[in-house]
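> For reference, the structure I am asking about is given below.
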Amino acid sequence: MLYRIAQPADWHRAQETGFFESADLAAEGFIHASEPGQVLETARLYYRASPGAVLLEVDEAALEAAGIRVEREWAERRQAYFPHVFGRIPLAAVRRFWPFPVAHDGAAHLPVEIN
């Protein structure tokens, strides 16, 4: 499974359109995602003060079945490979989601189902 922290407006729009997408898809050509062990650091670095954030669990096999390419690419700043999703994520590929509030200092907690 892949994980994506979603802003409330992006998640709300996905409910209306049937596809999750975010500004990074238009700007960079892919949606940034994380492996389970990368989520908390991603929250700390990029989602501080996001009390309405939502954590999406995305089934990589469902993306592939839908013809959406996923590649793991090296992120020099974080010294790790991160999954990049090259297309909109159909809601059918989102297996679970949870409220994922991120505090002003970047602190967040993974849902117990992921731990």
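> Given G52, G106, which one is at positive phi, small (G, A, S) and over 12 Å from the mean Cα position of the chain (by Cα)?
Unique residue meeting the criteria: G106.
> Of the numbered conditions (1) without any contact (Cβ under 8 Å) to a residue 12 or more places away in the chain; (2) in contact with a Pro (Cβ under 6 Å, 6 or more places away or on another chain), W74 satisfies every one except a single condition; which is it?
Only one criterion is unmet by W74, namely (2).
> For region 8-50, which positions are within 22 Å of A107 (Cβ to Cβ) and among the hydrophobic types (A, V, I, L, M, F, W, C)?
Answer for region 8-50, where residues must be within 22 Å of A107 (Cβ to Cβ) and among the hydrophobic types (A, V, I, L, M, F, W, C): W11, A33, V39, L40, A43, L45, A49.
> Right, next: Grab the strands (runs of 3 or more DSSP E) fully contained in region 1-107, keeping just those with 3 or more residues being modelled with pLDDT of 95 or more and surrounded by 13 or more Cβ atoms within 10 Å (Cβ to Cβ).
Strands (runs of 3 or more DSSP E) meeting the threshold: 2-6, 54-58, 80-86, 94-99.
The values are calculated or read from the model by the stated rules, or taken from the named source; none is laboratory data. A quick note: this is a predicted structure, and the numbers were derived from the prediction, not measured. Here the Cβ is made from the backbone with ideal geometry for all residues, glycine too, and neighbour counts use every protein chain on show.
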